[in-house]
Every structure is written in C-alpha cells, then in structure tokens.
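The values are calculated or read from the model by the stated rules, or taken from the named source; none is laboratory data. Everything numeric in this text was worked out from a predicted model, so none of it was measured. Counting neighbours? That spans all protein chains shown, and the Cβs are built from the backbone with ideal geometry, glycine included. For the accessible areas, the whole protein counts, side chains as well, though only heavy atoms, and no ligand, DNA or RNA atoms are used. Shrake-Rupley method; radii C 1.70, N 1.55, O 1.52, S 1.80 Å.
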Amino acid sequence: MSDKTSIERILAAVRAIPRGQVAGYGEVARRAGLPGRARLAARVLSENADPKLPWHRVLRSDGRIAFPEGSRGYREQSQRLRAEGVSVVKGRVRGVKAARSVEELIWGPED
DNA sequence: GTATTGACGGCTA
DNA sequence: CTAGCCGCCAATA
C-alpha cells in the first residue's frame, strides 16, 4: 500500500486547485511531489470519498474529461465544471486548459 | 511469480 | 484533428 503521505499530498494538490481552474492528473501528481504518478492520482480520486474534494477540476492533460462520454462521472464532472463557469464542450474544457507545469499555471503560457 | 487493467502522458505518423 | 505505440505506477486476477 502506498504511504498515506502520498495520498494526502495528492488530495492537498487537488484541493489547492482554485475554483474555475483545472489541472491534469500528471500535473496534480507533480505538484504533490510525485512526478510520473498520474495514474496514482487517478486512483486516489477514484477511491476518494471526500465530498469537499474538487475532483471535478482534475482532467486529462489534453483538457479532456477522463470518463467516457455519456458516463455518470462524465456528466457529473462536466456539470460541476460548468457550474464554476468553465466551458465544457464534447467532454473538453474550453479556455482553461490544464497547465502543463506549475510555472505555466503561475506565469501563464508566456514564452 | 507473471498477466491484465486503469478517472494517465507524451511522442510520432 | 485522430490513431497508434510506449512508458509509467499501483492494484488486482
């Protein structure tokens, strides 16, 4: 079993995502100090039961919803995102694509 | 012990 | 734009 600290870090990284903002699984894992653990982040979210956790702000690096179109989670996530002012079309987020790196999230896609 | 799977990611064609 | 391929880690069969 993975150390709970890793789980905690991932959850913390997810909670750190500002409202109306999104991030990729790999990005979350990276911020949690666990580079390359994108799948772990996904697993954590799949197992999480915290209603206070903004899991809906986590998508794929492509800015796409991780669930298949038409799925329960798919609708749930897209709806929640829209509720935050995020434009979601065909399971894809428009405008607020997931930042590839923390620098890009802070400084923006400049340079 | 190996094989398979998954809320992944990046590169190449 | 999509499709294919490979690398990645952890859980499960």
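Can you find even one residue in the range A:60-79 that is open to solvent by less than 30 Å² (accessible area, probe 1.4 Å), in contact (Cβ under 8 Å) with a residue 12 or more places away in the chain, within 11 Å of DNA strand B (Cβ to nearest atom) and farther than 21 Å from A:Gly95 by Cα?
No, that holds for no residue.
Are there any pairs, at least 6 apart or on different chains, whose C-beta atoms fall under 8 Å, with the first in the range A:40-57 and assigned to a helix (DSSP H, G or I) and the second polar (S, T, N, Q), and if so, which?
A:Leu40/A:Ser2; A:Leu40/A:Ser6; A:Trp55/A:Asn48; A:Trp55/A:Gln77; A:His56/A:Gln77; A:Arg57/A:Gln21
Taking the criterion of being closer than 19 Å to A:Arg15 by Cβ and either outside any helix (DSSP H, G or I) or within 16 Å of DNA strand C (Cβ to nearest atom) (or both), would at least one residue in the range A:74-84 satisfy it? First the steps, then the outcome.
Step one: list which residues in the range A:74-84 are closer than 19 Å to A:Arg15 by Cβ, which gives A:76-77, A:80-81, A:83-84.
So of that shortlist, the ones also either outside any helix (DSSP H, G or I) or within 16 Å of DNA strand C (Cβ to nearest atom) (or both) come out as A:84.
Yes, the conditions are met somewhere in the range A:74-84.
Would you mind stating whether A:Ala49 is among the hydrophobic types (A, V, I, L, M, F, W, C), within 15 Å of DNA strand C (Cβ to nearest atom) and open to solvent by 90 Å² or more (accessible area, probe 1.4 Å)?
On the way: among the hydrophobic types (A, V, I, L, M, F, W, C): yes; within 15 Å of DNA strand C (Cβ to nearest atom): yes; open to solvent by 90 Å² or more (accessible area, probe 1.4 Å): yes.
Yes: the conditions hold for A:Ala49.
Mind checking which residues of the range A:36-56 are at pLDDT 90 or above and in contact with a helix residue (DSSP H, G or I) (Cβ under 7 Å, 6 or more places away or on another chain)?
Within the range A:36-56, A:Arg37, A:Ala38, A:Leu40, A:Ala41, A:Ala42, A:Val44, A:Leu45, A:Leu53, A:Pro54, A:Trp55, A:His56 qualify.
In the range A:1-39, which residue that is among the small types (Gly, Ala, Ser) and not in a helix (DSSP H, G or I) is surrounded by the fewest Cβ atoms within 10 Å (Cβ to Cβ)?
Top of the filtered list is A:Gly36.
Would it be correct to say that A:Glu69 is out of contact with any Gly (no Cβ under 9 Å at 6 or more places or on another chain) and either more than 10 Å from DNA strand C (Cβ to nearest atom) or of a type in the set (Ser, Thr, Tyr) (or both)?
Answer is no for this residue.
I'd like the full set of residues that are surrounded by 18 or more Cβ atoms within 10 Å (Cβ to Cβ) and within 12 Å of DNA strand B (Cβ to nearest atom), limited to the range A:80-89. Give the derivation first.
So the first thing to find is which residues in the range A:80-89 are surrounded by 18 or more Cβ atoms within 10 Å (Cβ to Cβ), and the list is A:81, A:86, A:88.
Of everything in the range A:80-89, just one residue is surrounded by 18 or more Cβ atoms within 10 Å (Cβ to Cβ) and within 12 Å of DNA strand B (Cβ to nearest atom), namely A:Leu81.
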